[in-house]
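Encoded as structure tokens, the structure appears first; notes follow it.
The values are calculated or read from the model by the stated rules, or taken from the named source; none is laboratory data. Here the structure is a predicted model, which means the values were calculated and not measured. Every residue, glycine as well, gets a Cβ built from its backbone with ideal geometry; the counts of neighbours run over all protein chains shown. Ligands, DNA and RNA are excluded from the accessible area calculation, which covers all protein heavy atoms including side chains. Shrake-Rupley method; radii C 1.70, N 1.55, O 1.52, S 1.80 Å.
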There are 2 protein chains.
Amino acid sequence: MSLGLRLYYDFLSQPSRALYILLSANKIPFERCPVALRKLEQKSAEYRKNVNRFGKVPCIVDGDFRLAESAAIYRYLSREYPAVAPHWYPREDSLRQARIDEYLSWQHLNIRADVSLYFFHVWLNPLLGKEVNAAKTERLRERLDAGLNFFERVLLAGGERPFLTGDTISVADLSAACEIEQAKIAGYDPCAGRPHLAAWMASVRDQTNPFYDEAHRFVYRLAPETIATPLLPDDG
Amino acid sequence: MSLGLRLYYDFLSQPSRALYILLSANKIPFERCPVALRKLEQKSAEYRKNVNRFGKVPCIVDGDFRLAESAAIYRYLSREYPAVAPHWYPREDSLRQARIDEYLSWQHLNIRADVSLYFFHVWLNPLLGKEVNAAKTERLRERLDAGLNFFERVLLAGGERPFLTGDTISVADLSAACEIEQAKIAGYDPCAGRPHLAAWMASVRDQTNPFYDEAHRFVYRLAPETIATPLLPDDG
């Protein structure tokens with residue numbers, strides 16, 4: 001029984017954008033199933049029962065197989081969909097695969113947490129009527145600075161190679177770029193003072209457009225004017 | 001150039017224990033390289049330069065290949081070491097593999113975070129001379145309760161199957177059990193009122209002993225008397 005591939009996503013979710021871009025860039029047909037995080041649709045009993053027991057986006061339903069967690073979905077798609085170009089997750093290259101897995105695992109409690117904690121406190125709390133504490137904002141900004149400085153200096157190895165794990169783009173790059181874009185909504189420019197990160201983000205966008213911009217249109221619109229973002233055709 | 005396999009670990013680290021048990025249970029020879037977290041050895045410039053740039057344990061060095069992040073290491077070992085029994089990470093079973101990947105990814109910001117935040121606040125802070133805030137302890141306890149209740153009710157599916165992803169033990173079970181054991185050090189009994197979790201933890205221990213107890217000897221000793229832990233032979 002194949003019912004085709006469905007992607008449950010919200011463009012406000014970093015890994016949702018990454019999966020949307022990966023599927024689109026590899027020309028894999030999928031049904032778009034938006035889930036409105038602002039309405040907490042992902043927490044509904046129905047969604048938990050029928051789509052994702054974890055109550056999160058993104059999630060795929062492929063035929064009758066449901067799978068959550070973007071890192072698991074990347075690997076699943078690379079096994080099950082030959083259309084996924086090998087450079088995204090090189091299954092024939094054990095060491096490169098290990099390096100991608102290492103990044104995706106490390107990211108959760110580092111770049112993802114660094115960006116998300118700042119984003120929630122600075123951008124989401126005011127929308128929810130919660131106080132934004134100046135000292136906490138400062139602590140979270142320092143944490144985010146440190147995380148992105150490590151990314152610039154160590155993970156991008158001072159510009160020695162164009163992508164995180166080698167000469168070609170992988171799901172590690174795509175996932176990382178989508179996480180880092182989120183900071184812009186909260187008025188934080190990740191590229192300022194980080195030339196290697198700026199060049200690398202431009203490369204990720206370049207390799208995945210027009211889908212990168214399509215998935216980030218919402219981010220670009222929400223970011224304050226102090227943050228440079230592309231002007232898309234029908235934003236004109 | 002093969003220099004053999006080295007494991008850098010500390011038994012106070014949950015994923016260090018899991019890797020130690022996996023290697024031991026599969027009879028893979030490895031050199032034991034303890035890293036003393038209490039002395040912050042993992043943060044030293046030398047360790048970052050020569051072993052793990054992320055400044056964490058566990059890490060392996062296999063010949064001249066260095067790899068951090070336990071989830072990445074499990075997969076690497078399953079590819080590179082035929083001695084790893086297939087049930088730990090069934091590379092020929094795409095759906096089961098996806099389910100294991102899903103758990104390992106989800107765990108970071110859930111069970112691992114739930115347990116670690118409680119452990120740090122309640123057990124580590126006093127050792128560092130930091131204040132333990134009663135209201136924060138209560139919030140963290142509620143979070144840990146909720147996480148383990150979800151584990152009991154949804155992930156163990158009310159006792160329907162013996163292990164997280166099927167009838168045989170996998171790295172998801174091993175990783176989860178080692179995370180959950182950590183709560184005992186802080187005087188929290190994860191098994192109290194959770195019969196399926198208690199039975200599942202007993203199964204994981206049973207399937208991996210004597211290595212499970214060897215890796216957890218330190219946890220058992222640190223746990224207060226209110227928490228039932230095995231009495232090991234030379235604890236006499």
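Checked against the criterion of being within 14 Å of chain B (Cβ to nearest Cβ), farther than 30 Å from A:P86 by Cα and within 22 Å of the chain's Cα centre (by Cα), the candidates A:L117, A:L104, A:L124, A:L109 yield just one match: A:L117.
Is it true that B:D206 is over 13 Å from the mean Cα position of the chain (by Cα), farther than 19 Å from B:L144 by Cα, modelled with pLDDT under 95 and assigned to a helix (DSSP H, G or I)? Considered against the rule, which asks whether it is over 13 Å from the mean Cα position of the chain (by Cα), farther than 19 Å from B:L144 by Cα, modelled with pLDDT under 95 and assigned to a helix (DSSP H, G or I), B:D206 comes out as no. Scanning segment B:37-57 for residues that are outside any helix (DSSP H, G or I) and surrounded by 15 or more Cβ atoms within 10 Å (Cβ to Cβ) gives B:V51, B:N52, B:R53, B:F54, B:G55, B:K56, B:V57.
Check whether at least one residue in segment A:210-218 is outside any helix (DSSP H, G or I), under 18 Å from the mean Cα position of the chain (by Cα) and in the same structural domain as A:W106 (by the TED database), and report yes or no. For segment A:210-218, residues outside any helix (DSSP H, G or I), under 18 Å from the mean Cα position of the chain (by Cα) and in the same structural domain as A:W106 (by the TED database): present.
In segment B:14-36, the residue that is nearest to the chain's Cα centre (by Cα) out of those that are open to solvent by less than 10 Å² (accessible area, probe 1.4 Å) and among the hydroxyl-bearing types (S, T, Y) is B:S16.
Tell me, please, whether a residue that is at the interface with chain B (Cβ under 8 Å from one of its Cβ atoms), under 17 Å from B:A72 (Cα atoms) and in contact with a helix residue (DSSP H, G or I) (Cβ under 7 Å, 6 or more places away or on another chain) can be found in segment A:82-91. So far as segment A:82-91 goes, no, none of its residues is at the interface with chain B (Cβ under 8 Å from one of its Cβ atoms), under 17 Å from B:A72 (Cα atoms) and in contact with a helix residue (DSSP H, G or I) (Cβ under 7 Å, 6 or more places away or on another chain). Would you mention how many residues in segment B:190-221 are open to solvent by 60 Å² or more (accessible area, probe 1.4 Å), touching a residue at least 12 places away in the same chain (Cβ under 8 Å) and more than 17 Å from B:Y20 (Cβ to Cβ)? Summing the residues that are open to solvent by 60 Å² or more (accessible area, probe 1.4 Å), touching a residue at least 12 places away in the same chain (Cβ under 8 Å) and more than 17 Å from B:Y20 (Cβ to Cβ) in segment B:190-221 gives 2.
Looking only at segment B:99-140, residues that are among the acidic types (D, E) and exposed (fewer than 15 other Cβ atoms within 10 Å of the Cβ) come to 2 in all. Against the list (1) at pLDDT 95 or above; (2) within 11 Å of chain B (Cβ to nearest Cβ); (3) farther than 17 Å from B:Q97 by Cβ, the condition A:D64 fails is (1). The condition (being assigned to a helix (DSSP H, G or I), crowded, with 21+ Cβ neighbours inside 10 Å, modelled with pLDDT of 95 or more and among the charged types (D, E, K, R)) is satisfied by just one residue among B:R75, B:R143, B:R79, B:R96: B:R75. When restricted to residues that are open to solvent by less than 80 Å² (accessible area, probe 1.4 Å) and either among the charged types (D, E, K, R) or at positive phi (or both), segment B:222-236 contains 1.
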